[in-house]
Amino acid sequence: MNIRNKFAVLGAAAALAFAFAPAALATDLTDVGYIDQAAVGSLPQFQKANAEIAQYKAQLDQQFAAASKSAKSDADRARIAQQFQKRFLDEQRRVLGPLFARAQTAIAQVSSNKGLSVVVDKRIVIYGGQNITASVISLIQSPGPVVPPVNTPPPSEIGFVDQLQIDQVAKIKQANDVFLKFANDQKQQTETQLAKAKTPAEREQIVKTYQSTINGEQKKVLQPLVDETKRAMADIAKKKNLILVIDRSDVIYGGTDITADVQNALK
Amino acid sequence: MRSSNLPAAALALALVFLSGCSRPLDVNAPNVRGIGYVRLAEVVKAHPLYSQLSQINDDIAALRLQPIAPSLPKTGAEIAAQSKQLDRELKAAQDRATAILQSKEQTYSSREQAAIHAALVAAGEAGAGAQSARSMQTVTAQQAGEVTAQANRDFEAYQQSVIAQDQAAVTAIGHQLSVEADRKYRLRAQQLQEKESQLSLELSQRDAAERLDLRTKLSNLVLDSATRKKYQSELAALDRKESAVLDAQRVSDRRVLAAYRQRLQGETQAAIARQASAIHAQTRAKIAARRSEVGAKIASRIQGLAPQPLPSDLPAAMRAKIAQIDQMFKTKFQADAQKTITDYETTKADLDARYAALHGVTGGISGAAAAQIYQLNQQRAKLYAQIVAQVRRDAARVAAARGLKVVFVNVEAAPGGVDLTGAVKKDIESVHQ
């Protein structure tokens, strides 16, 4: 091979290397981690705790059924239900609380060691990211206490909002209430119509009309607020140099919380 | 000079190639940093299996349209146990009302006789004759007649109410069984449709490479007409082959479905007849039991109405006085008894409502509907997972080709990052075309 051919080959190789450069970059590590919460939840200690909770719930259900019989009104029934719900949550906190705390510390420790700025639920990552499930499980299963990391998570370009808190903004809450009332009224009317319907085709038509009415109202009442919220999120995220915003429920560790900013923007 | 020109040209080519590839997407730009996202809901809607998913969603929504029962769906054993408890409560309420009425009747009867006796003594008529007794017996006979008439009116009302309940129950069961049959039919139709879509998916995936190859060849502009025609006919043959397999499946499925509908209709009619016959038998037994119960009660009440024999030959004023006393106590007793009856009716109405709710007469989600919702949810989860798995595979391919490091779904807002939604949608659509 003469020098001209060598250069030509090198040149072509460079072209190929550049052509495939993006794919090569894809193997680079990112500061985004994810965890399979279902795998953590299936650890023996979580399963045992869940079985204990289930047994407690079965007993509580029986007591609830007996207590409900003495209810004299809907309000009374709701009060009893609330009492039993509180008892259940207290027990759940007592049994699962320490396990969750240990898992949370293990996630923080592993994330800190790997320099992750955010850890999310596996369900929302469909490509790439660092899977830290095995490391976290190994730390949870290790003997002795899990030591929390010294450092707090580094700033993340992945933001998050707590949708439940956003829903409490006065105008959103009001719109939700209006829509729920509408949906409830429609449901009752539809049930009356369904009770009178004589053929499956008639019933199907009634259900279709109901669904279309509900969808129409949803678009009219809620969609403008959904759009406004998304715009507010995008504006705030841009100002804070965030790349994406996800829901609080999908974030397990780190991330940048912009809930309060979005709430203020919507007021 | 010449020898250095060639590598320069190769490098230039590399740069051109590179610029061609990278211009639309700089994955390392500060507002991207290797992050991409897919709007999953939109891609799912573009998937060929989405129509089935949507159908399942509609079915679940339709089932949920029935009013929500106050508590969780109950098992058959729980319903039976609670029914027994309600029956016991109803029987206790009946016995309580009967005992109170009997006690009141005795009290008023004693007080009436004491009042009559006091009136006779005060008028110096303690030895009054049999005429008065006959007169009182006439009153007693009238009372007995009234008791019997009232009991018969009660019995007729009961009979009518039981027959109305019987008819309502038969209608409700007929309706429920028809809805259930309809639901089963739709489920079967849906399963077959799912199978057809799956088959279509498999066929198109199996032939995807060959089809793509033919299309690539056909996109060559310099192809001679004979070769073009050959490729076109090969492509058409491929389409025909797939269509033929699918059509055969559809014809077979239609036959299966028609036979299934016929079988369901027969089974539903038979089940309605069976249930109706059981309900009618229960109704007849209830009416017969109430008839003998009413007969026994009339006899007992009439016995209770028999007054203490009165002295004979009473003067008219005395008879009037006694009749007045009798009327006064009857009125008082009726008013007092009415209160007991009202209390009992209130208790019974409450028990009836609880009984109806327990058995889903008011339209609460019955065990069968809850089971169907559960089954549909399972089916939905499976189908959704299948769709998402394919979206994941396609998104991973697109993301890798573009050099992204991580791709998210379920994003609330995205001021940065790369939106892969369109590319993934196109990818999925091209596979299934």
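The numbers here are math on the coordinates, done by the rules we state, and not lab data. Predicted model, so just to flag it, every value in this text is computed and none were measured. Backbone-built Cβ (ideal geometry, glycine too); neighbour counts: all protein chains shown.
At-a-glance table
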item	result
Anisotropy class of region A:155-267 from Cα gyration tensor, a/c 1.5 cut	prolate
Gain in span if fully extended, B:Ala271 to B:Ala317, counting 0.36 nm per residue against the direct Cα distance	9.5 nm
Partner aspartates and glutamates for B:Lys104 [C-alpha distance under 17 Å; skip if fewer than 8 residues away on the same chain]	B:Asp95, B:Glu112, B:Asp326, B:Asp336, B:Asp343
A:Glu52 paired with A:Asp74, simple spin-label distance in nm, labels 7 Å along Cα-to-beta-carbon	3.9 nm
Order of A:Lys219, B:Lys321 under a 10 Å beta carbon neighbour criterion, fewest first	A:Lys219, B:Lys321
For chain A: Kirkwood Rh in Å [reciprocal of mean 1/r, alpha carbons]	24.0 Å
Inter-site label distance for B:Ser300 and B:Lys426 at 7 Å from Cα along Cβ, in nm	8.8 nm
Neighbourhood net charge (14 Å Cβ-Cβ; Lys/Arg +1, Asp/Glu -1) for A:Ile214	+2
Residues whose placed amide H lies under 5 Å from that of A:Tyr127, excluding near-sequence neighbours	B:Val407
Cα gyration tensor category, rounded, prolate or oblate, for region A:43-163 with a/c compared to 1.5	prolate
B:Lys229/B:Tyr50 FRET efficiency (R0 25 Å; Cβ-Cβ; nearest 0.05)	0.10
Chain A: relative contact order as a whole-number percent, Cα under 8 Å and 6+ apart	26 percent
Cβ-defined net charge surrounding A:Asp227, 15 Å radius [Lys, Arg +1; Asp, Glu -1]	+3
Region A:74-146-region B:85-102 distance, computed between alpha-carbon centres (Å)	54 Å
Listed residue pairs exceeding 24 Å between alpha carbons, taken from A:Lys219/B:Lys426; A:Lys171/B:Lys425; B:Lys91/B:Lys297; A:Lys220/B:Lys45	A:Lys219/B:Lys426; A:Lys171/B:Lys425
Radius 15 Å from Cβ of A:Asp36, net charge of other residues (Lys, Arg +1; Asp, Glu -1)	+1
Likely footprinting exposure, A:Met233, B:Met328, B:Met318, fewest C-beta neighbours within 10 Å first	B:Met328, B:Met318, A:Met233
On Cα atoms only, tilt of A:200-221 relative to the major axis of chain A in degrees	60 degrees
Pairwise label distance in nanometres, B:Ala151 with B:Ile341, each label 7 Å out on the Cα-Cβ vector	1.5 nm
Calculated FRET value between B:Gln190 and A:Ala183, using beta carbons and R₀ = 25 Å, to 0.05	0.45
